[in-house]
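K.L.:
Quick one: the structure is below, questions incoming.
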Amino acid sequence: METELFASIFFKGFFLGASLIVAIGLQNAFVLRQGIKKHHVFVTALTASLIDIVLIFAGVLGFGALIEAFPSLITYITWGGAAFLIIYGAKSMFHAFKPDKMDGSRAKGMIKEGSSKEIVLIIMGISLLNPHVYLDTVILIGGLAASYGETGKYIFGMGAMIASFCWFFALGYGARLLSPFFAKPKAWQILDFIIALTMWAIAMSLILK
C-alpha cells in the first residue's frame, strides 16, 4: 500500500512537472533549435535540466520549513495551486485552438552560435530571467510538494525533476526527428490540448483531496 502511495505521488509530480515544462516558450525553442543544429546538445539539455532540478529542490526544501511554521498555508497553497492549474490549462487550451508555430524563430536575433560556456550563460539567462519559472517551479511545485508530507514532498519533487531531465534530453536529441512534425501547427495544437487536460485533471485531484 505504501509503495503504491509513493508511486502515485511520484507520478503526480512527474506529470505536473512535465505539463509545466512542455509549455511552449523560449527555453524550449532554444533547446529545440540546438538539437536541430546538433550544436552543444548535451550541454544545452544538461544545463536546462540542472537549473530546473535546483529550483525544484529549493522549492521543496523552502516550503517544507515554511509549512512547519505556518501549517494553515497548506490549504491556501492547495487551492491556489488548483486555481493556477485551471487558468494555466485554459491558456494551453486557448493555444490549442490558436496554434503558434514553433520553429525556433523566437530565439533568432538574440541567440548566436558560441562555445559551450556561452551556451550555458544563454540558457541560464533564458531560464532564470523568466519570472514565470519561479512561479511554476519554485512556488507551485514546491508548495504542492509540501502538501504530501515530509517524505512525500521529496518523492513528488523527484518526479518533477525526472520529468524535467527526460523532457530536455528528449527534446534536444529528438529534435532532428521531431522538427518536421512540430513544424506543423497541428502538432502543437495536439500537444497544448493534452497539456490542458493534464493540468485540469491534476487541479481536480487537488480540489477533491
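K.L.:
If we only count helices (runs of 4 or more DSSP H) wholly inside region 105-194, which ones have 1 or more residues that are at pLDDT 80 or above and surrounded by fewer than 18 Cβ atoms within 10 Å (Cβ to Cβ)?
P.N.:
By residue number, 116-128, 149-182.
K.L.:
Could you tell me which numbered condition Ala65 fails, if it satisfies all but one of (1) of a type outside the set (Phe, Trp, Tyr); (2) modelled with pLDDT under 80; (3) surrounded by fewer than 21 Cβ atoms within 10 Å (Cβ to Cβ); (4) within 28 Å of Leu178 (Cβ to Cβ)?
P.N.:
The failed condition is (4).
K.L.:
Please name all residue pairs, on different chains or six or more residues apart, with Cβ atoms under 8 Å, provided the first residue is in region 149-160 and is touching a residue at least 12 places away in the same chain (Cβ under 8 Å) and over 13 Å from Gly59 (Cα atoms) and the second residue is crowded, with 19+ Cβ neighbours inside 10 Å and among the basic types (Lys, Arg).
P.N.:
Cβ pairs passing all conditions: Gly159/Lys12.
K.L.:
With the structure loaded, tell me whether Thr151 is among the hydroxyl-bearing types (Ser, Thr, Tyr) and within 18 Å of the chain's Cα centre (by Cα) or whether it fails that test.
P.N.:
Judged against the criteria, Thr151 is not a match.
K.L.:
Would you pick out the residues in region 1-58 that are in a loop (DSSP other than H, G, I, E, B), in contact (Cβ under 8 Å) with a residue 40 or more places away in the chain and surrounded by fewer than 21 Cβ atoms within 10 Å (Cβ to Cβ)?
P.N.:
Ala23, Ile24, Gly25, Lys38, His39
K.L.:
If you scan region 19-56, which residues turn out to be modelled with pLDDT of 90 or more and closer than 23 Å to Ile195 by Cα?
P.N.:
Listed by number, the residues that qualify are Ala45, Ala48, Ser49, Leu50, Ile51, Asp52, Ile53, Ile56.
The values are calculated or read from the model by the stated rules, or taken from the named source; none is laboratory data. Fair warning: this is a prediction, and the values are worked out from it, not measured in the lab. Quick reminder, even Gly has a Cβ in these numbers, built from the backbone with ideal geometry, and neighbours come from all protein chains shown.
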